[in-house]
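The values are calculated or read from the model by the stated rules, or taken from the named source; none is laboratory data. From a predicted model like this one, the values you see are computed outputs, not experimental measurements. Counting neighbours? That spans all protein chains shown, and the Cβs are built from the backbone with ideal geometry, glycine included.
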Amino acid sequence: MTAAAMVAEFDDVAGWTADAVEELGVRYAIPAACRGSASPAALAWLAEACELSAGTRLLDVGAGAGGPAAWAAERFGVRPVLLEPMQAAGRAAARLFGLPVIAADGARIPLRTGSVDAAWCLGVLCTVKDKAALLGEIHRVLTPGASLGLLVVVAGSPQSLPGPEGNHFPTQDELAGLLDRTGFTLLEQTGRPDAAPLSWSRRVEQVNAVIAARHQSARAYTLAARQGERLSRLLATGQVSMQLIHAVSRPAPNTSFDSGDGTSAGPIFEYVEPELRS
């Protein structure tokens, strides 16, 4: 995920978002940092489906600026650990919420096998080519029977319009097959729940306005806007749809302990609890 448009969309905008929130105030942080990932209704569906509760060790894979994980910590008392390969996005999550962020790619998660109670991966699966590798690593770090919450853009009718650069949307059959092959049982699925309430969306709009005022002449701003516009057109024409997925991990046959030594991980922006590390 290194294309310029994807760096602009997921990294540059995250850093700009943190700057805008610092100007506007902390009440803008979670809505702004959830932009492009989930509405409150979607997060609530995922949290209830995954049965999150106080003390749950929740891994957010491709966590971006940290909004969904911060929401889950605030509403359910989970203990989140964020995995994010983009440097500015990881720093934004640490700045905005003080959450532990590991700079690493989801294809090799530097955590112990079976060390995580639940995982989220929101709007990430369609941005990676090797989806099986990502899901397989998530399965490895989850305890058997643990929940995985996904927000996935799923391809429907034949795609005639250009999609966002670097995105590869699975069909429903492909998604179900991927989950099964990587050790998950798909329990439930729903289309995107209700839109965000005005109190939420207005805060996002105000953050967007600050970002536009500061950065609309930047090439990264133009690239990120084009990514969003392309996805919006695909959604509006029914060529793709947002789907929320709840799956559970099946015990892996002949599982051997993988220490997850973290040699491929980058710097940790904030402290990560020792029991979750190798």
* Would you pick out the residues in segment 16-48 that are surrounded by fewer than 20 Cβ atoms within 10 Å (Cβ to Cβ) and either touching a His at 6+ places or on another chain (Cβ under 6 Å) or farther than 26 Å from G191 by Cα (or both)? -> D19, E22, E23, L24, G25, V26, R27
* Asked: Does segment 213-228 include one or more residues that are within 28 Å of E51 (Cβ to Cβ), at pLDDT 95 or above and either surrounded by 18 or more Cβ atoms within 10 Å (Cβ to Cβ) or touching a strand residue (DSSP E or B) at 6+ places or on another chain (Cβ under 9 Å) (or both)?
  -> no
* Structure fact -> Log entry, pairs with first residue in segment 109-127 being within 18 Å of A65 (Cα to Cα), second being surrounded by fewer than 23 Cβ atoms within 10 Å (Cβ to Cβ) and of a type in the set (S, T, Y), beta carbons closer than 6 Å, six or more apart or on different chains, reads L122/S37; G123/S37
* Asked: Is one or more of the residues making up segment 101-111 more than 11 Å from V61 (Cα to Cα) and touching a Phe, Trp or Tyr at 6+ places or on another chain (Cβ under 9 Å)?
  -> no
* Asked: Here is a list of conditions, (1) at pLDDT below 85; (2) surrounded by fewer than 17 Cβ atoms within 10 Å (Cβ to Cβ); (3) over 27 Å from P100 (Cβ atoms), and P251 meets all of them except one; can you say which number that is?
  -> (1)
* Asked: Of the residues that make up segment 25-32, is at least one at positive phi and either among the basic types (K, R) or not in a helix (DSSP H, G or I) (or both)?
  -> yes
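Matching residues to (1) in contact with a Pro (Cβ under 6 Å, 6 or more places away or on another chain); (2) part of a loop (DSSP other than H, G, I, E, B); (3) of a type in the set (A, V, I, L, M, F, W, C):
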| position | (1), (2), (3) |
| --- | --- |
| E48 | no, no, no |
| A89 | no, no, yes |
| A94 | no, no, yes |
| L99 | yes, yes, yes |
* Asked: Is there any pair linking a residue in segment 67-87 that is closer than 20 Å to A14 by Cα to one that is among the β-branched types (V, I, T) and assigned to a helix (DSSP H, G or I), with Cβ under 7 Å and at least six apart or on different chains, and which?
  -> G67/I30; A70/I30; W71/I30
* **Selection count, segment 136-168, where residues are closer than 16 Å to P85 by Cα and touching a Gly at 6+ places or on another chain (Cβ under 9 Å)** => 2
* Considering G15, G36, G64, which residue is among the small types (G, A, S), out of contact with any helix residue (DSSP H, G or I) (no Cβ under 7 Å at 6 or more places or on another chain) and either in contact (Cβ under 8 Å) with a residue 24 or more places away in the chain or part of a helix (DSSP H, G or I) (or both)? -> G36
* Structure fact -> Restricted to segment 87-134 and to residues being touching a strand residue (DSSP E or B) at 6+ places or on another chain (Cβ under 7 Å) and over 26 Å from I30 (Cβ atoms), the residue surrounded by the fewest Cβ atoms within 10 Å (Cβ to Cβ) is G114
